[in-house]
Structure formats: structure tokens, C-alpha cells
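The structure appears below as C-alpha cells.
The values are calculated or read from the model by the stated rules, or taken from the named source; none is laboratory data. What you see is a predicted model, and the numbers here were worked out from it, not measured in a lab. Counting neighbours? That spans all protein chains shown, and the Cβs are built from the backbone with ideal geometry, glycine included. Side chains are part of the model used for accessible areas, which takes the heavy atoms of the whole protein and leaves out ligands, DNA and RNA. Shrake-Rupley method; radii C 1.70, N 1.55, O 1.52, S 1.80 Å.
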Amino acid sequence: GFPDSTNSITDTSAAISRTSNQRIYFNMEGKLDSNNTNSFVFRPNVTIQSTSPNSSSSASSVDQNDSAISRSIGSSHSMNSGFNINGSNLTLRHRFKKPYQTLTLDLTGTVNVNNGNGYYNSQNTFYKLDSFQNINQHYFDSLHSWSISPSLNYTQAVSKHSYLLLSYDFSYNKSTTVNDTYDFDNTLDKYTSFDSLFSNSYKFTSTSHRMSATYRIQNNKLNINLGSGIQFMNFNSLNTTKDLDVSHNYINLTPTVQFNYSFTTYQRLRIYYMGRTGSPSASQLQPLTTTSDDINFTTGNPDLKPQFTHSLRMLYQSFNPSNNHVLFATLNASTTLNDIQNKIIPTAKGGDSTTYTNLSGTYSLAGYFNYGWALKHPKSNLNLTTDINYSQSQNLVY
């Protein structure tokens, strides 16, 4: 049977990692004609990295009566090397003859290549099951991925103080992840026995189309942005180890509101609202069980819904130049519907069996207030500050 509750105790834990990085940066800017009608910016950067992490740990678990359930002593060491090209950005901009009328193309691409292998050893004792397990493995892992994301933006003046911004964003991502694990075969004295429980290899592809429109009103005192976008996203994840194929299509909404008002040169109020959809990851949706230590297990949930987060930020600033009094206040609030959280069930081995579920009731509230002024004697500044933070989120634990 399952224990009513378990407590995990980490006796010792140590990790040593050696990392070598080499970074190369480029920055190119230029005009394509003499009157600055067409221009470009190109900023690629390359990182070459190698790591050799080593770790060891000793952990145990007890039940509600402090009776031992399990004890695990493990160690691992590995070697990883690769390179990535991130933030490669090419911008082409065309300015029309009419003021504030522009057409901009942004092209971003990434490449990530990482290859590695390592060894994992663990001795697990399950007291209530009266069993002992020795894990001795050699694993090979790699990640090869690339993405390309063009974005087209058009700006048009509607009136003297209003503008329309139209955007279309396309994104394509493809990655291949290999994780092959082999158990030590005492008869052959080699790592030859393929372990399908610890092995998981994926081929992942995602495509997204996003269209958005923003209307901006701007003058000396007021700046308002009202915008909304819709994103059509689909992805396919093929687990090549288990021959399991998962595909999903999502429609995401991205509303935004920005309000900036300057009462005077030294007094300003800003309000910002944003709504964002969060899609489940491929591993959260894949209905298979994985483990890294044969004590704790994770199972995906193909029935997960996307989560939606509302975020609100308010900021007020005031400065009196006659007496150097400063007032600064902020308020940040957010709430998430269908929040993707863990559902945890303790196991007889002293670990946890975890899956994912949608929960409501996740929210956070944070406020900050500062009032300061200058002192003549002694010459200094005095600030009174207070802040408040409150948040709530939950997991399901059985």
C-alpha cells in the first residue's frame, strides 16, 4: 500500500562543474541608400561551450511515524560540448515619404547543438519492501535544434496624434533530442542492455502564426496603446523511443493596454495590462511515465488545457524640485486561469508519482511605496519605504 505521507531528507549533496565558454559577437548597421529610406541592422552572436558536471548525493525518506521507507546514495559524472547561435537578428526598415509610415522586417534565427555522455550510479534500499536496487548506467544525450522567426511590422499615422501598428509574426522550431541509456551487463562486463524506462528521445516541431493590431494615441501629456493579437499554434512531438505521437493545435489571445499620463513634467502615472496564453509543453502532454532514479516518476497528461494569465502593473512617480521631495509607488497584480500545476501521489518506494493538472486560484499581489526628501543638516537624503507581497498557488498532493 501507499504511505499516508512521506518526508524526504537530503543527508548530503555535492556538485562540481567545470565550464568553458567562448563567445563571438557581431554588430553591423548601415544604410541601403543615401536618403535613409532603407536601412539594416545585423547582430549575430555565437557561443561555444563545454561542461563536465559531477555530483553526488545521499537521501532518505520516512513516513509519518518516522519509520524509514527508503535510502538512496547516488553519483553521476558527464561531459557535454556544443555551440549555439542565439539572437541572430537581421532588421530591414523602409521609411515612406509620409511621416511615421514605416515597414519593418525582423528576422531572427537560432541554432543549438549539444552532445554529451555520462555515467550514473545509485544504490537504493527500500526498507518496507525489503528490497535493494543497484543502478549502474551509461547514457548518451544530445540536442540538435534550430528555429527561424520572421516578423513584419507596418506603422501608419491615422491623424496628427494617433497611429496604427499592424504586425504579423511567424515562428518555426524543430529539434531532435536523444537520450539513450544502457545498463551495465555483469556477464559481458559492458554497458550493453538498453533501458527503455530511462531512455526518451524526441522529434519536436512547432509552427505559429500571430497577427496583432495596436492603436496608439499620443500627445504631450497622454500616451495610450490599445492592442490585441491572435496566435494560431500547432506542434507535433514524436517520442521515437516509445513510438508515441502527440499533436495539438491552440488558439492564443494576446490583449494589451498601455496608459501613460503626465500631469506635469515631474508627475506621471503609468498603467499596463497584458493577457497571455501559456500552452502545455510536449513533455507535460505526452502520456508516458519517465524517471531519472527509479524512485520518482513523472507522467504526462494529454487532457491539459492552456493556461491564461492576466497581468496588471501600475506606477506613479512624483518629484517636487522646490524641496526635492520624491514619491514613487508601484502595484503589480496577476491571476492565472487553468494554471498548470503538479498532482503528486507518494509511492511505496518513498518517492513521488507526479502528473500535471489544471487548477484555478493562482494569483499574486505586490506593492511598493517610497517617499524621500533631502535633509540640510546633516546633508543627506531620507527615504521611507514599505512593500507588500502576497501570492497563492497550489499543487494537488495525495
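The table below gives the values:
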| quantity | calculated |
| --- | --- |
| Cross-chain or 6+ apart pairs with Cβ under 6 Å, the range 132-144 first and farther than 13 Å from residue 177 by Cβ and open to solvent by less than 80 Å² (accessible area, probe 1.4 Å), then in a strand (DSSP E or B) and aromatic (Phe, Trp, Tyr) | 136/184; 137/120; 138/119; 138/182; 138/191 |
| Any hit, the range 195-209, residues being of a type in the set (S, T, N, Q) and more than 30 Å from residue 140 (Cβ to Cβ) | yes |
| Some residue of the range 75-85 being under 30 Å from residue 168 (Cα atoms), surrounded by 13 or more Cβ atoms within 10 Å (Cβ to Cβ) and either modelled with pLDDT under 85 or aliphatic (A, V, I, L, M) (or both) | yes |
| Subset tally (residues that are assigned to a strand (DSSP E or B) and in contact with a Pro (Cβ under 8 Å, 6 or more places away or on another chain)) for the range 347-379 | 3 |
| Residues of the range 60-74 satisfying the condition of being surrounded by 15 or more Cβ atoms within 10 Å (Cβ to Cβ) and either under 17 Å from residue 50 (Cβ atoms) or of a type in the set (D, E, K, R) (or both) | 63, 71 |
| All strands (runs of 3 or more DSSP E) inside the range 288-346 with 2 or more residues being open to solvent by less than 50 Å² (accessible area, probe 1.4 Å), modelled with pLDDT of 90 or more and among the aliphatic types (A, V, I, L, M) | 325-337, 339-346 |
| Strands (runs of 3 or more DSSP E) lying entirely in the range 164-257 (those with 1 or more residues that are aliphatic (A, V, I, L, M)) | 202-218, 222-239, 244-253 |
| Selected residue (criterion: modelled with the highest pLDDT) from residues of the range 125-155 that are in a strand (DSSP E or B) and either acidic (Asp, Glu) or over 33 Å from the mean Cα position of the chain (by Cα) (or both) | 141 |
| Scan of the range 179-201 for residues that are of a type outside the set (S, T, N, Q), open to solvent by 50 Å² or more (accessible area, probe 1.4 Å) and on the phi < 0 side of the Ramachandran plot, ordered by number | 182, 184, 188, 190, 191, 194, 197 |
